[in-house]
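Notes follow the structure.
The values are calculated or read from the model by the stated rules, or taken from the named source; none is laboratory data. What you are looking at is a predicted structure, and each value in this text was computed from that prediction instead of being measured. Note: ideal-geometry Cβ built from the backbone for every residue, glycine included; neighbour counts use all protein chains shown.
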Amino acid sequence: MNQGTGPFRPDLLQGKTVLVTGGATGLGRAMAEGFAELGARIALAGRREEKLREAEALLSAAGCDVYVHSCDVRDPAAIAALADALDSRFGGIDVLVNNAAGNFISPTERLSHRAVDAVLNIVLHGTFYTTLEFGKRWIDAGRSGTMLNIVTTYAETGSAFVVPSAAAKAGVLALTRSLAVEWARYGIRQVAIAPGPFPTEGAWSRLLPTPELAQNMIDRIPLGRVGSKEELVHLAAFLVSDYAAYLNGECVTIDGGEWLQGAGQFNGLLDVTDDQWDQLAAMIKSTKS
Ligand code: HXC
Ligand code: NAP
């Protein structure tokens, strides 16, 4: 991404080893590149070997100490093998970014139980399995660490047409908040990011596959635009850094105000013109009772 170090000193993440699941594409890859520019050693996990190799080449060309490992987060044995490999290669990790996800839009009544499982197994079970594997290792080793979970704004509210994802991300948010309390005594910190719309091939092809759907989404955002990867990366870098050491259990929304726009009862009044406001004010002021 070559974004420079943004608002940060260039050694912000020096000495930290960060594992990003689903880190070979999209937002995961952007975070990996951004963290590398801030001095982190990077490990990437995902299913597709060719995507991992592509990201590895890019990161190592930029001077990053990078390790990639094909791993399906739905498979606890594969996660244990990944953790063993990271123990050998880096002596363990300091930050786990649970970013891997699966999702698509569909009327819920059209889903088979296998379609429900496809999403729940990646998002909820996969995140739980990696959290458990690396959490246990940190606790056994007396090592502190940070877990950053990438959720969605509808983890709080639910959303029609992405119901398995909404249920799974709500579960991940509950995991974040629960372990923030339970594992703080081991020096393990939990944080989450709830991104609004950030264009990536993976999300757009499955969730906003036509220009009309994409434009409808943009029209809902008070700031009138989608997010940029750099904006998300800067937030993530701060949250996993030692400067956020007192943040625990917090989920930070970065969505241009989109979810609040959908929530406020009178938000539809954004469409009222100045002339209409004049008329409405006159009507209201003339009301005597
Ligand atoms: C209905 C579908 C479907 C669809 C798959 N299925 N796609 N059903 N509508 N569009 C069904 C299949 O028919 C099958 O059920 C079952 O789901 C499993 O399908 P597989 O293709 O075998 O699954 P799998 O190979 O495990 O792939 C998982 C996946 C896929 C989730 C379906 O899309 C994937 O790999 N996604 C990873 C990347 C991704 O989704 N990125 C987006 C993240 S964005 P049957 O009954 O036929 O066997 C995000 C938040 C975005 O999370 C917020 C947006 C602004
Ligand atoms: P993406 O590029 O499709 O990222 C998903 C990644 O997860 C891919 O690299 C994928 O790689 C990996 N993955 C999927 N299933 C896996 C499995 N079983 N095991 C290991 N890795 C797996 O989409 P993205 O937009 O960057 O999404 C990244 C994160 O941001 C996700 O958590 C998503 O829910 C969240 N998010 C995105 C947006 C947005 O607007 N883009 C909004 C809200 C939240 P493989 O297929 O090679 O395994």
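Quick one: count up the residues across the range 159-209 that are acidic (Asp, Glu) and more than 23 Å from Asp117 (Cα to Cα). Give the steps one after another, and end with the answer.
Initial filter on the range 159-209 (acidic (Asp, Glu)): 182, 201.
Okay, now just the ones that are also more than 23 Å from Asp117 (Cα to Cα), so 182.
Counting residues in the range 159-209 that are acidic (Asp, Glu) and more than 23 Å from Asp117 (Cα to Cα) gives 1.
Give me the residue from the range 275-289 that is outside any helix (DSSP H, G or I) and of a type in the set (Ser, Thr, Tyr) and, out of that set, modelled with the lowest pLDDT. Please lay out each step first, then the result.
So in the range 275-289, the residues outside any helix (DSSP H, G or I) come out as 287-289.
Remaining after also requiring of a type in the set (Ser, Thr, Tyr): 287, 289.
Working: Thr287: 89, Ser289: 74.
Here the residue is Ser289.
Select, from Val151, Val181, the only residue that is in contact with a Ser or Thr (Cβ under 8 Å, 6 or more places away or on another chain) and of a type in the set (Val, Ile, Thr). Walk me through how you get there before you give the answer.
Numbers: Val181 fails: in contact with a Ser or Thr (Cβ under 8 Å, 6 or more places away or on another chain).
After applying the criteria, what remains is Val151.
Look through Asp75, Asp84 and report the one residue that is of a type in the set (D, E, K, R) and within 14 Å of ligand 2 (Cβ to nearest atom). Spell out the reasoning first.
On the way: Asp84 fails: within 14 Å of ligand 2 (Cβ to nearest atom).
Only one candidate passes the filter, namely Asp75.
Can you confirm whether the range 113-128 contains a residue that is closer than 23 Å to Ser241 by Cα and either out of contact with any Phe, Trp or Tyr (no Cβ under 8 Å at 6 or more places or on another chain) or of a type in the set (Val, Ile, Thr) (or both)? Yes; the residues of the range 113-128 include at least one that is closer than 23 Å to Ser241 by Cα and either out of contact with any Phe, Trp or Tyr (no Cβ under 8 Å at 6 or more places or on another chain) or of a type in the set (Val, Ile, Thr) (or both). Evaluation of Arg74 against the conditions (1) basic (Lys, Arg); (2) surrounded by fewer than 15 Cβ atoms within 10 Å (Cβ to Cβ); (3) in a loop (DSSP other than H, G, I, E, B) shows that the sole unmet condition is (2).
So, Ser178, is that one more than 16 Å from ligand 2 (Cβ to nearest atom) and surrounded by fewer than 22 Cβ atoms within 10 Å (Cβ to Cβ) or not? Yes, satisfied.
Looking only at residues of the range 172-212 that are farther than 20 Å from Phe161 by Cβ, assigned to a strand (DSSP E or B) and not β-branched (Val, Ile, Thr), we find that the one that is farthest from ligand 1 (Cβ to nearest atom) is Arg189. Each residue in the range 180-210 was checked for being under 22 Å from Tyr246 (Cβ atoms), free of Cβ contacts under 8 Å to residues at least 60 places away in the same chain and not basic (Lys, Arg), and 6 pass.
Please verify whether the range 227-239 includes one or more residues that are over 15 Å from the mean Cα position of the chain (by Cα) and at negative phi. No, the range 227-239 contains no residue that is over 15 Å from the mean Cα position of the chain (by Cα) and at negative phi.
For the range 218-241, enumerate the residues that are part of a helix (DSSP H, G or I), within 13 Å of ligand 2 (Cβ to nearest atom) and without any contact (Cβ under 8 Å) to a residue 40 or more places away in the chain.
So the first thing to find is which residues in the range 218-241 are part of a helix (DSSP H, G or I), and the list is 218-219, 229-240.
Those left that are additionally within 13 Å of ligand 2 (Cβ to nearest atom): 218, 229, 231-233, 235-236.
Result: Ile218, Glu231.
Cβ separations smaller than 8 Å between residues 6+ apart or across chains give the following pairs from the range 84-112 residues that are over 17 Å from Asp72 (Cβ atoms) and touching a residue at least 24 places away in the same chain (Cβ under 8 Å) to residues that are within 9 Å of ligand 1 (Cβ to nearest atom) and of a type in the set (Lys, Arg): Phe104/Arg206; Ile105/Arg206.
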